[in-house]
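*Asks:* First the structure, which I've put down as C-alpha cells, then a few questions once you've had a look.
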Amino acid sequence: MSTTKAKRADNGGAKELDVLVVGAGFAGVYLLDRLRGMGMSVQAIEAGSGLGGVWYWNCYPGARVDSPGPMYQFSREDLWRDWKFTELYPAWPEIRDYFHYLDEKLDLSRDIRFNARVEEAEFDAASNRWTVRSSDGSVIRPRYFVVCVGLGSKPYTPNLPGLSDFAGERHHTALWPQQGLDLAGKRVGVIGTGASGVQVAQEAAAVAAQLTVFQRTPNLALPMRQKRLDDDTILRMKKGYPVAYEKRRTTLGGFDYQSLEKAASEVSAEERQATFERVWEIGGFAPWVGSFNDLLIDEQSNRAAYDFWRDKTRARIKDPAIAEILAPTEPIHPYGAKRPSLEQNFFDIFNQSNVSLVDLRNTPIEKVTRSGIKTTAGEYGLDVLVLATGFDAVTGGLTSIDIWGTDGRTLKQKWADGVRAHLGMASAGYPNLLFVYGPHSPNAFANGPTAAELQGEWVAKMLDHVRGRNWAQFEATVPAEEAWRAKVFEAVDATLIPRADSWWVGANIPGKRREMLAFAGGLGTYMAICNESAERGYEGFSIG
Ligand code: N01
C-alpha cells in the first residue's frame, strides 16, 4: 500500500458509470444484478478469472462449505427452483457450478471485468465521482463505489524463517493452483488447523504417503454429518425453502434455526446432557449456535459444552497423547469463542499410520529448510508444504486497496487506530463508498448468501434513495461511526469471545490491532437497526 497518492496524469478515456462493484462473490453478484435491474449502469471488477469469490481461489483438496447447501444459495425462487446441490455440504466444484448457473440465468459476466485487481481509488469532490484504477490499467469513474471483497480475500502467510528456501511445492490454501495438485504418494505437511487446514488434512490423509499436521491451537471441530442428497430428498426440502428463507432473514446467523430458548445453567444435569446429545446428533453448527443460549455467555455452561465436546472427540482417538493435543483436558479458549470447523473424519485420521501430529505449542517451528520443517523436536521431510494459515481477515481485503478519503488518508491509515465503519457499511471521509460483509457488520457470524442478500438489499435501496433525491454525496458521520463502534464492542463484551485469539478479533496477524471486527448481536437484530436508520432518512449519514 502507498502512503502517498500516486501522481497520475489525467483520467482521459476513463469510463463513467453509476456504480462500480468490486468482487464477484455472493455479495458482488447480488448487487450487480440488483442495481442493473434498477436501471443503473454497473460494472463489477474481479481479480480472479471466474465468478465465486472465495470459491474461485480456495480450490484446495477438500474445500467445501460449512453451511448446508439449501441455505448456501440465493433465496429467489426463480434461482432455487432449478438448482440442486448433490451434497448437504457442497464442495467447491459444485459451488462454482452454482455460480456458472447464476451466470447463465442472470447474464452476469457481460458486466464483469475479470483478471483485474482494484489497486487504488480516490474521491474527486469536484465531480462527486470516484476514480478507480485497476491492475489491468483500466480507470473507471463511478458515482458510487461498492466494495464486496469479502472477509477472506487477503491470504496470510507467516514470516517463517527459511520459507523461501523450501525446494518442494508450497501453496497457501487460498492461492491453490487452479489446475490442481496431486498429493498422492507425497510427503505432505499442513501448517494450520483452522477450517482450511482441517479440510485439506482429511483429503491428504487418504492419499499421501505421509501427512504431518502442524497444530498450534486445537480446532474444536464439530461433526459435519455430510449427506448425499437424492432428487426425492431435494424435492422434499424445497417444499420448506420459502419458510426457511423467510426465517433466515431474522435469525442470529442467517440460518433457518436459532439457539434454544433455554440456558444450560437453568436446566438439570440430565436435561443438559440429553440436549447436548441431541444437538450433537444433528451435527453441523447445531452444537454451537443451535444449542443452549448461554454457551457463549456463561462460563460454567461453556465449560460443560467443552467437556462434552472433548469427551466425544477423545473417544475417537486411540493414542492418549495425541488425544491430549487435539482435545486437551483443559480448554485453551472457551468453547465456540473461536470458529469451530465442521469435520468428517479429521480426528480419525490421526489413528492412521501415515498421519502424524506436531504440537507447535510445545515444539515450535524453528525454520523451514530446503527439505521440510525443523521444529524444536526434530526435522520433518516434506515434498509439499500446505500453508493453511488463514487471512488478514475482515479488514485486509479493503485495506489492501489504496482507498483515499477526502482528508488525504487511506482507509488503512484511518483504521490504524481501529475500525470505524458505520453499520459496518460506510466510513466518514469516504463519500459514496459502501462495503458489504465488511468490518463491524455481522460478517463472521452470518451465513454468506443471507448476509449478501440482506445487506445488498439495503445498499440497493439506499442508492435508489440517493439517486431519487439527486444527492451528490452521502457519507457516514463521525458520531455515528463512533456510536456504532461502541455498539459492536458492547455486543461482544457481554460474551466469552474476546477470550480467544482469533481472526474475529484480529489476533491471528502479528502486529494487527486487537479489537472485535464483527457485530456479534445477530444478523436479524443488525438488519433491524440498519432498516431503522433507513426509515429515519438514513440517520447517521450526512448528505450533500
Ligand atoms: O484460517 P484460520 P482458515 N505457525 O485463521 C495457524 C472461512 N473458511 O483459512 O489457531 C503455526 O482459521 C493458526 O493457528 P492458531 C471460515 O470463516 C471457511 O482455516 O492461530 N500455525 C490456525 O490453525 C474460517 O474461520 C471454510 O494458533 C499458524 C490456522 O493457521 C476462515 O475462513 C473453509 C501460524 C489458520 O486458521 C479462516 O479459516 C475455509 C504460524 N505462524 C475457510 N499462523 C468453510 O466453510 C497461523 N497458523 C469450510
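Values in this text are rule-based calculations from the coordinates and carry no lab data. Since the structure is predicted, the reported quantities are computational estimates derived from the model, not experimental observations. Cβ coordinates were reconstructed from backbone atoms using ideal geometry, including for glycine residues, and neighbour counts include every protein chain displayed.
*Asks:* Taking the alpha-carbon centroid of each part, what is the distance from segment 459-488 to segment 74-123 in angstrom?
*Replies:* What the calculation gives is 28 Å, centre to centre.
*Asks:* In the P(r) worked out for segment 426-544, what percent of Cα pairs fall beyond 24 Å? Show your work: numbers first, answer last.
*Replies:* Working: 2015 of 7021 pairs.
Counting every Cα pair in segment 426-544, those more than 24 Å apart make up 29 percent.
*Asks:* What's the FRET efficiency of Met38 with His100 using the Cβ-Cβ distance as r and R₀ = 22 Å, to the nearest 0.05?
*Replies:* Result of the calculation: an efficiency of 0.35.
*Asks:* Here's something else I'd like to know. Straight-line reach from Lys186: which lysines fall under 19 Å, measuring Cα to Cα and dropping same-chain residues less than 8 apart?
*Replies:* Cross-link targets: Lys374.
*Asks:* Please report the Cα spread of segment 284-423 along all three principal axes, rounded to whole Å, starting with the longest.
*Replies:* 61, 49, 25
*Asks:* Quick check: the angle from helix 231-248's long axis to the longest principal axis of the chain, C-alpha only, nearest 10 degrees?
*Replies:* The angle comes out near 60 degrees.
*Asks:* At a Förster distance of 51 Å, what's the computed FRET efficiency of Asp493 paired with Thr86, Cβ-Cβ distance as r, to 0.05?
*Replies:* Values: r = 43 Å, r/R0 = 0.84.
That gives a FRET efficiency of 0.75.
*Asks:* Please report, largest first and rounded to whole Å, the three semi-axes of the ellipsoid equivalent to segment 395-475, where each semi-axis is the square root of five times an eigenvalue of the C-alpha gyration tensor.
*Replies:* Numbers: eigenvalues 85, 75, 14 Å².
So the equivalent ellipsoid measures 21, 19, 9 Å along its semi-axes.
*Asks:* Between segment 206-240 and segment 317-379, how far is it from one alpha carbon centroid to the other, in angstrom?
*Replies:* About 19 Å separates the Cα centre of segment 206-240 from the one of segment 317-379.
*Asks:* Please give the calculated 222 nm ellipticity per residue for the chain, where each DSSP H segment of at least 4 residues contributes -39500 (n - 2.57) and the sum is spread over every residue; nearest 500 deg cm²/dmol?
*Replies:* Working: 15 runs with 166 residues, N = 544.
Value at 222 nm, helices only, nearest 500: -9500 deg cm²/dmol.
*Asks:* For the chain, what does the relative contact order come out to in percent, with C-alpha contacts under 8 Å and a separation of six or more?
*Replies:* This gives 20 percent for the chain.
*Asks:* Right, another one. Going by C-beta contacts inside 10 Å, put Arg36, Arg248 in order with the fewest on the left.
*Replies:* Arg36, Arg248
*Asks:* Where does the longest stretch of the chain lie that holds no GluC sites (Glu not before Pro) found in a DSSP loop with 15 or fewer other Cβ atoms within 10 Å? Can you show the working numbers first?
*Replies:* Working: sites that count: Glu261, Glu539.
For GluC sites (Glu not before Pro) (loop position, at most 15 other Cβ atoms within 10 Å), the longest site-free span of the chain is 262-538.
*Asks:* Here is a further query. Pairs Lys227/Lys367; Lys15/Lys512; Lys227/Lys338; Lys238/Lys338: which exceed 29 Å Cα-Cα?
*Replies:* Distance filter (> 29 Å) returns Lys227/Lys367; Lys15/Lys512; Lys238/Lys338.
*Asks:* Along each principal axis of its Cα atoms, how long is the chain end to end? Whole angstroms, biggest number first, please.
*Replies:* So the three principal-axis extents are 68, 56, 47 Å.
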